[in-house]
Each structure stands twice: as C-alpha cells, then as structure tokens.
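Beneath this line is the structure, given in structure tokens, with notes to follow.
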Amino acid sequence: MKEEFYQYIQQLQDTITKGLEDIDGKAKFQQDLWERPEGGGGRTRVIENGDVFEKGGVNISAVHGPLPVAMQKYFNVGDVDFYACGLSLVLHPTNPMVPTVHANWRYFEMYDKEGTVVRSWFGGGQDLTPYYLFDEDATHFHTVCKTACDKHNANFYPQYKKQCDEYFWNAHRDEGRGIGGLFFDRLEATEEMSMEQWYNFVTEVGNSFLGAYLPIVERRKDLPYGEAHRTWQEIRRGRYVEFNLVHDKGTLFGLKTNGRMESILMSLPPHVQWVYDHHPEEGSWEEKLLKVLAKPVDWVE
C-alpha cells in the first residue's frame, strides 16, 4: 500500500503543479529535493511572485524510522517504527478576491520491532480560505467535495465536512479559519471499508482538487482590487498563520519528527499584518466574511 500511494502522490504532484503553472501563466515551480537524516526525504516545489500566486508550495515527502518519543506519547504507543508519506499544498494568491487553498493526502504505518505493520491509516482533505466571500465559489468548492465523497458513501461528505469545520477552528479567536471543505483522519480498515477502498476514496478526493479550485481562480484572478483589499487580506492571513502555528497537527508532526523546516513552514504567507483590535465597518463586505466564519454554513444540500 505504501509504495502504491507514494507513486500516486508523485504523479498527483506533477498534475497539480502543471495545472497551477498553466493558470498562473508566468511563474514556474522551483524544485528542491531533500533528505531526512533519520530516514526518507521529499520533493518540495514552490512557486513565488507569479501573475496569480504570490507564494505557494506543493510538497511530497516519505519519511521513516523510529517514532520519536513525543509522538509515541501522542499516539499512545510504545517504542515503534513508522512510515509516513503524503502530499501537502498551500497556495496564497496575490489578488484578495482569489481564496487561499490548502490540501493534503497522507498515509501512515507503524511497525513493531519485527517489522510487522501494527497500525495503518489514511488521512487528508482540502479546504478553502477566502478573504472576500463569493457564495457561488463556496458552493462550487463544496459541491466538488460532495461529488467525490458520494461516489463512495453518501455519509462521507456530511461527516468529513463537519470534521473540517471543527478542525480548522481558531479556538482562541472563536472563528473558522475559512469556509471548510473536507477533513478526515485515522481511516483504518473496518468490516465495511478495506484499506484498498480507503485508498480509492482518498485518491478520488485528491483527483478532485484542481476541479474544485481552478474554476474559482479563473473567475476571480483578474478582478480589480485596491490597497484596502490587500490590507484586509493580510490581516486575515495573520489568522491563517495563527492557526498553523498554534493548532495544526501536521505542523506539530513535522516539527516533532525532525521534518524539513523550510517545507513545514512553506504554508506561511509572505506578507501578513496584525492590527490591534481590528474590526471591519458594519455592513461591509469584510464584515460579511466574519459573520460566515462565526458559524459553519451548509453550502450544498
């Protein structure tokens, strides 16, 4: 399974980076191959200063070795070895009318000292963080997510949409990071779902990503904007940074397993503001976004 999934994310990285380069029209991804001293490595691809994308990364990694003590406590296991591979992406567009997007799809195994797999699971998802909210964009993104889920189980979309709303919640701000999408973790074999079936589901979601995001980019990338729009975008980016550094489990896992720092922190935007006690004008477009972030919305039936 791990070889099959690693081959898949390599191909998916190629597909996604090409699609993003095509819509940007200017910038190209720069590739960086790296190795982890304890075992494994990755292929980081970063795009910067394009016509559409101010900064973004589409990274794959496959790391292995003894599970660090901090993660043993987190997973409530003893001295085991692990293997983890996945693709993680974050894209920060220049135009505030284009939303930031995040996605990842991953596979994890743990072994005893004889090398026997004792646990394995899939995880991942995709979510959208707009700065200026267009309802049709939110509906489109969630419709694509639901369509991918419904091919496998009608219960998956409402379940994983709810988990996404709960996970990407900035508890210290009491607001959502964005308008959600899908989030799933610990997808282990059960009587109802084999690991092969989970593989088919997770790859279905991965394959849906470009169709969920690129039509939104195409609609918004040439809309006019001014300095005030950029200021709001940078203030909201600050909330994005707060979530990633305070709450995100993926960031924690990377730091605790001696992951590559540049790749882990690739998700941070290049220009951010923290304005003391900032509140948008009543009735403004900016306030509309905050009202939506205060309580998750059902974007599709």
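Computed values, structure above
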item: Members of the range 159-181 found to be of a type outside the set (Ser, Thr, Tyr), open to solvent by less than 20 Å² (accessible area, probe 1.4 Å) and either touching a Pro at 6+ places or on another chain (Cβ under 6 Å) or over 26 Å from Gln273 (Cα atoms) (or both), listed by number; result: Lys161
item: The listed residue being among the acidic types (Asp, Glu) and more than 21 Å from His172 (Cα to Cα), out of Glu286, Glu234, Glu242, Glu281; result: Glu281
item: Condition broken by Leu255, with the remaining ones in (1) of a type outside the set (Lys, Arg); (2) assigned to a loop (DSSP other than H, G, I, E, B); (3) free of Cβ contacts under 8 Å to residues at least 12 places away in the same chain satisfied; result: (2)
item: Per-region count, the range 144-158, residues loosely packed, with under 15 Cβ neighbours inside 10 Å and part of a helix (DSSP H, G or I); result: 2
item: Whichever residue in the range 111-137 is modelled with pLDDT of 95 or more and open to solvent by 30 Å² or more (accessible area, probe 1.4 Å) and, among such residues, is farthest from Arg236 (Cα to Cα); result: Glu136
item: Members of the range 263-279 found to be β-branched (Val, Ile, Thr) and modelled with pLDDT of 95 or more, listed by number; result: Val272, Val275
item: Residue that is surrounded by the most Cβ atoms within 10 Å (Cβ to Cβ), among those in the range 91-110 that are part of a loop (DSSP other than H, G, I, E, B) and out of contact with any Ser or Thr (no Cβ under 7 Å at 6 or more places or on another chain); result: Val98
item: Exclusive hit being at pLDDT 95 or above, assigned to a loop (DSSP other than H, G, I, E, B) and closer than 22 Å to Tyr131 by Cβ, set Leu214, Leu223; result: Leu223
item: When residues of the range 258-291 are limited to those that are assigned to a helix (DSSP H, G or I) and within 20 Å of the chain's Cα centre (by Cα), the one nearest to Trp232 (Cα to Cα); result: Ser267
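The values are calculated or read from the model by the stated rules, or taken from the named source; none is laboratory data. Model, not experiment: these values are computed from the prediction. All Cβ positions, even for glycine, are placed from backbone atoms using ideal geometry, and neighbour counts span all protein chains on display. Quick note on the areas: whole protein, heavy atoms, side chains included, nothing else; ligands and nucleic acids left out. Shrake-Rupley method; radii C 1.70, N 1.55, O 1.52, S 1.80 Å.
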